[in-house]
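Asker: Here's a structure for you.
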Amino acid sequence: KPTIAVVGRPNVGKSTLFNRIIGERKAIVEDSPGVTRDRLYAPGDWLNYEFNVIDTGGIEIKDEPFQEQIKMQAEIAILEADVIIMITNGREGVTEDDLFVARILQKSKKPVVLAVNKIDNFEMRNDIYEFYQLGIGDPFPVSGSHGLGLGDVLDEAVEHFKNLETEEEENDSVRVSLIGRPNVGKSSLVNAILGEERVIVSDIAGTTRDAIDTDYFYNDEHYTLVDTAGMRKRGKVYEATEKYSVLRATRAIERSDVVLVVINGEEGIIEQDKRIAGLAHEAGRAVVIVVNKWDAVEKDEKTMKKFEDKVRQEFQFLDYAPITFVSALKKTRMTTLFPLISLVNESHKKRVQSSTLNEVLVDSVSMNPTPTDNGGRRLSIYYGTQVSTAPPTFVLFVNDVELMHFSYRRYLQNQLRKAFDFTGTPIHILSRKRN
Ligand code: GDP
């Protein structure tokens, strides 16, 4: 999916327009502990196009001067987006800060759509012409508070999508991303996997995407490491901010099949690790937990087991994910990675036969009878079927969905996990009333 970023100096109405663009949708409901998602990144659509929208105004970098903040937000937009919507304030006219933002955007060669906000009625339309001096194209009048003019802006934005490459859809490789808070060693791991020389890729001429993916072959299977270019761009102040690293992780997860959740073995697990790992779980991706910097840990024969217990305790929602311990720096145990990636990918795409599935369900029910409600009515499961993969999703046809308790669903999930190997993938069980 292409990405649109909304930029502009403070108080021009970025968040209002962002909310208008994403419409009434709520941020995805969280059900993992420790996960609260900012509405910084959300799906939207217009005409037949689906895209994601980033509100760069939501990324504030503490202790940086005002202009530096605006500059970083513009840089984030340039780095992350395919099309940028710059918002200005028609009531205040062109300001120094607008010129400053426009100059940064101009240099990037990314397509920019210029929206002049707070043009609430027709008489005010003449106020837009002065914005031609920004040198980034035709100004479009909009009114965030009245919801006017946004259609024209989005028409223009999606027009630019047509020039984007669509190589992602054509390629059937397994897409792998590495996520984790700053400094856990993601770039080092990519380097260790690919070899130093491979990561120094030049931007492909004629593409507007900065997210450069790198191919990798293991056992003749084709893998694509997602967004390895993003890992080369180091040293920006905003990369260390929590919101930006969550944004980066969200984007990487969306573009991948298998997610490596990287943890710093030297420092252990903190809240931010849980938050980032929670995103992979919620998105239903296959997951491998990678404990890096294992070289730097003083250990005896019990250390690994102890650390694993700790990970299990902190990441209860990822109880299905295998764990491996590596050192990107010393390149030790790196060979454990791809067998696990391959395994969890298979689980993620696994399809089980209906006949076998129903045998397992019948056995499960006979070992542990279905629950009843207060009136003594018992849940009946008539049959089940797998409706999709990645992640495996099952629908059970039942007499009354209200009778399917959380704990019983959990029990059935565990039974399915015992019967079929679903290592590394979440599985979903839905119930439907049989008509
Ligand atoms: P990223 O922000 O997650 O991409 O992390 P980097 O790859 O930039 O690594 C952050 C720091 O950790 C760098 O100084 C690396 O040299 C160091 N580092 C990365 N992997 C290892 C490792 O396996 N062992 C040790 N001791 N240090 C590592």
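Values quoted throughout were computed directly from the atomic coordinates according to the rules given, and no laboratory measurement underlies them. Bear in mind that the values here come from a model prediction, so they are computed numbers and not experimental data. All Cβ positions, even for glycine, are placed from backbone atoms using ideal geometry, and neighbour counts span all protein chains on display.
Asker: Just to verify a number: FRET efficiency for Glu159 and Glu64, C-beta to C-beta distance, R0 = 41 Å, to 0.05?
Answerer: My answer for the efficiency is 0.75.
Asker: Right, something else. Toward the positive end of the charge dipole of the chain, about the Cα centre and with charges on Cβ (Lys, Arg +1; Asp, Glu -1), which of Tyr223, Val12, Phe422 goes farthest?
Answerer: Highest projection toward the positive end goes to Phe422.
Asker: Label points 7 Å out from Cα along the Cβ direction at Lys331 and Asp363: separation in nm?
Answerer: 4.5
Asker: Using the basic label-point model (7 angstrom from Cα toward the beta carbon), what is the Asn374 to Asp45 distance in nanometres?
Answerer: Each label point lies 7 Å from its Cα, and together they span 4.1 nm.
Asker: Using +1 at the Cβ of each Lys and Arg and -1 at the Cβ of each Asp and Glu in the chain, identify which of Leu412, Ala77, Thr332 lies farthest towards the dipole's positive end.
Answerer: Leu412
Asker: I'd like the Karplus ³J(HN,Hα) series for region 58-73: coefficients 6.51, -1.76, 1.60, θ = phi - 60°, whole numbers in Hz, and an x wherever there's a Gly or Pro.
Answerer: x, 9, 9, 9, 5, 6, 10, x, 3, 5, 5, 4, 4, 4, 5, 5
Asker: Same structure, new question: If R0 is 30 Å, what FRET efficiency do you get for Asn414 and Asn183 from their C-beta distance, rounded to 0.05?
Answerer: Efficiency, from the Cβ-Cβ distance: 0.25.
Asker: Another question, then. Tell me, rounded to the nearest percent, the portion of alpha carbon pairs in region 56-148 spaced more than 16 Å apart.
Answerer: 55
Asker: A 20 angstrom limit on the alpha carbon distance is what I want to check against. Which of Lys186/Lys331; Lys186/Lys306; Lys107/Lys162 exceed it?
Answerer: Lys186/Lys306; Lys107/Lys162, as the Cα separations exceed 20 Å there.
Asker: Can you tell which of Val258, Ala283, Gly268 lies farthest toward the positive end of the dipole of the chain, using +1 and -1 charges on the Cβ of basic and acidic side chains (Lys, Arg; Asp, Glu)?
Answerer: Of the options given, the answer is Gly268.
Asker: If the limit is 30 Å between Cα atoms, which of Lys14/Lys310; Lys243/Lys310; Lys14/Lys110; Lys62/Lys118 go over it?
Answerer: Lys14/Lys310
Asker: Given Cβ point charges of +1 (Lys, Arg) and -1 (Asp, Glu) and nothing else, what value in debye, to the nearest 20, does the dipole of region 3-161 about its Cα centre take?
Answerer: That gives a dipole near 100 debye.
Asker: Relative to 2.2 N^0.38 Å, what does the C-alpha radius of gyration of region 222-375 come to as a ratio? Two decimals please.
Answerer: With N residues counted in region 222-375, Rg over 2.2 N^0.38 Å equals 1.27.
Asker: If you fit an axis through the alpha-carbon atoms of helix 354-367 and take the longest principal axis of the Cα set of the chain, what angle between them do you get, 0 to 90°, nearest 10?
Answerer: 60
Asker: Given the Cα atoms of the chain, and with Rh set as the inverse mean 1/r over their pairs in the Kirkwood sense, what is Rg to Rh to two decimals?
Answerer: Using Cα coordinates only, the ratio equals 1.02.
Asker: How much FRET efficiency would the formula 1/(1 + (r/R0)^6) give for Thr95 and Arg351, where r is the Cβ-Cβ distance and R0 is 60 Å, rounded to 0.05?
Answerer: Computed FRET efficiency for Thr95 and Arg351 comes out at 0.55.
Asker: Taking only Cα atoms, what is the 0 to 90° angle, nearest 10, from helix 406-419's long axis to the longest principal axis of the chain?
Answerer: Tilt relative to the chain: about 70 degrees.
Asker: Please give the length that would be gained between Phe217 and Val401 if that part of the chain were fully extended, namely 0.36 nm times their separation in residues minus their C-alpha to C-alpha distance (nm, one decimal).
Answerer: 61.7 nm
Asker: Right, something else. Using 7 Å Cα-to-Cβ label points, what is the Leu430/Ser173 separation (nm, one decimal)?
Answerer: Placing both labels 7 Å beyond Cα along the Cβ direction yields 3.2 nm.
Asker: Can you give the net charge of the other residues whose Cβ lies under 13 Å from the Cβ of Ile70, counting K and R as +1 and D and E as -1?
Answerer: Residues close to Ile70 contribute a combined charge of -3.
Asker: Tell me the Kirkwood radius of region 354-433: reciprocal of the mean inverse pair distance over distinct alpha-carbon atoms, in Å.
Answerer: Hydrodynamic radius (Kirkwood, Cα pairs) of region 354-433 is 12.8 Å.
Asker: Considering only region 44-161, what is the antiparallel percent among its DSSP beta bridges, to the nearest 5?
Answerer: If we restrict to bridges inside region 44-161, about 30 percent are antiparallel.
Asker: Angle between the Cα long axis of helix 337-348 and the longest principal axis of the chain, 0 to 90 degrees, nearest 10?
Answerer: 80
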